[in-house]
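Working notes for the structure below.
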Amino acid sequence: MRLDPEILSRIQFAWVIGWHILLPAFTIGLASFIAFLEGAFALTKRPVFLNLSQFWLKIFAISFGMGVVTGIVMPFQFGTNWSRFSDAAGNVISPLLANIFLHHVFDMWMKGEYPGCPFERYADDVVIHCKNLEEAQRVKAKVEARLRQCRLEAHPDKTRIVYCRDANRTLDHEHIQFDFLSYTFKPRSAQNRWGKLFCNFLPAISAKAAKAITAEVASWNIHRMSDKELPDLSRRFNPILRGWVGYYSRYHPSALRRTLECVDRRLARWARGKYKRLAAHPRQAMNWLLRIREQTRELFAHWKLTIAPKGNGMIGAG
């Protein structure tokens, strides 16, 4: 019987991974057992505990050595055979470890040093709230010193003091906006309960996130899917649209409306490619999309945010 080399490599890979899963757990448990035997011998002076300890210490050495050997081989095999898995696992595990580290290095330190300065941290992005410029400068210097003490460094471009300008804070400052969690916080026009417009410091989808969404929609190549029906496109792309709407429409949804105009433009272009009567009529394609939207507003998640396109433009819903 001749086995295929690919099958043999998979068997070898499974063998290495299996041992590396079993041996660390066995070694940890055995280390605790050996410590118990050593403690029992120290208390009772009975030779049986010393003999057992010396015997299991040899097994521990073999187990530890095999764990090290399989552990050295395993990263190379994961990198060559499971590169996508390694990349995905790294993207999950690295932020988790960084979050645990920063919780002790930064979070606990901030709560002890500056209890009057609330802050938000996501991974290694932090926003600290201060009452005035002097306090902000003092806290910034202390935080940078704390990070250097822990062999870390604040990002030279992102670490800055931002003035939250609004109707009540009207002074001039070098920086009046910042990005956090794909939102841009800056002075924006808002409406109070009496319908009067005023300046407020509000978040909305950032330009970087909007650009990424536009590029993602363009990569779908909707206009080339003339073999698909509109419900097919909905089933394929609506879960993604629903995620964007659920996250970015929580604050200042009109900014998201303008970003998602690209989806309807792509759908209109798709309609022109699918239906001959619309091929040379962009405005009619938009009007056709308008009628579909009015009949089935649940088809695409972003249609709940916007009034359907008219001509080549979009009008935001109130």
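Which of the residues belonging to segment 1-28 are within 20 Å of Ser53 (Cβ to Cβ), open to solvent by 40 Å² or more (accessible area, probe 1.4 Å) and of a type outside the set (A, V, I, L, M)?
Scanning segment 1-28 gives a single hit, Phe26.
Out of Phe33, Phe101, I need the residue that is modelled with pLDDT of 85 or more and touching a helix residue (DSSP H, G or I) at 6+ places or on another chain (Cβ under 8 Å). Which one?
Phe33
Kindly provide the set of residues from segment 262-277 that are in a helix (DSSP H, G or I) and either surrounded by 20 or more Cβ atoms within 10 Å (Cβ to Cβ) or of a type in the set (Ser, Thr, Tyr) (or both), ordered by number. Even if it seems obvious, please write down each step before you answer.
First pass over segment 262-277, keeping only residues in a helix (DSSP H, G or I): 262-274, 276-277.
Within segment 262-277, Val263, Asp264, Arg265, Leu267, Ala268, Trp270, Ala271, Arg272 meet the criteria.
Among (1) open to solvent by 80 Å² or more (accessible area, probe 1.4 Å); (2) at pLDDT below 80, there is one condition Glu38 misses while meeting the rest; what is its number?
(2)
Return the residue satisfying two criteria in turn: it lies in segment 284-318 and is under 30 Å from the mean Cα position of the chain (by Cα) and not hydrophobic (A, V, I, L, M, F, W, C), and of such residues it is modelled with the lowest pLDDT.
Going through the qualifying residues, I end up with Gly316.
Has segment 89-98 got at least one residue that is open to solvent by less than 90 Å² (accessible area, probe 1.4 Å), under 20 Å from Asp179 (Cα atoms), under 23 Å from the mean Cα position of the chain (by Cα) and modelled with pLDDT under 95?
Yes, segment 89-98 has at least one match.
Counting just the residues of segment 220-261 that are among the small types (Gly, Ala, Ser) and part of a helix (DSSP H, G or I), which one comes out surrounded by the most Cβ atoms within 10 Å (Cβ to Cβ)?
So in segment 220-261, the residues among the small types (Gly, Ala, Ser) come out as 226, 234, 243, 246, 249, 254-255.
With the extra rule that they be part of a helix (DSSP H, G or I), the set shrinks to 234, 243, 246, 254-255.
Values: Ser234: 17, Gly243: 11, Gly246: 10, Ser254: 16, Ala255: 22.
That would be Ala255.
How many of the residues making up segment 280-305 are touching a residue at least 12 places away in the same chain (Cβ under 8 Å) and charged (D, E, K, R)?
Number of matching residues: 4.
The values are calculated or read from the model by the stated rules, or taken from the named source; none is laboratory data. Nothing here was measured: the structure is a model prediction, and the numbers come from that model. Glycine gets a Cβ as well: all are built from the backbone with ideal geometry, and neighbour counts include every protein chain shown. Ligands, DNA and RNA are stripped out before the accessible areas are found, and what is left, the full protein with its side chains, is counted by its heavy atoms. Shrake-Rupley method; radii C 1.70, N 1.55, O 1.52, S 1.80 Å.
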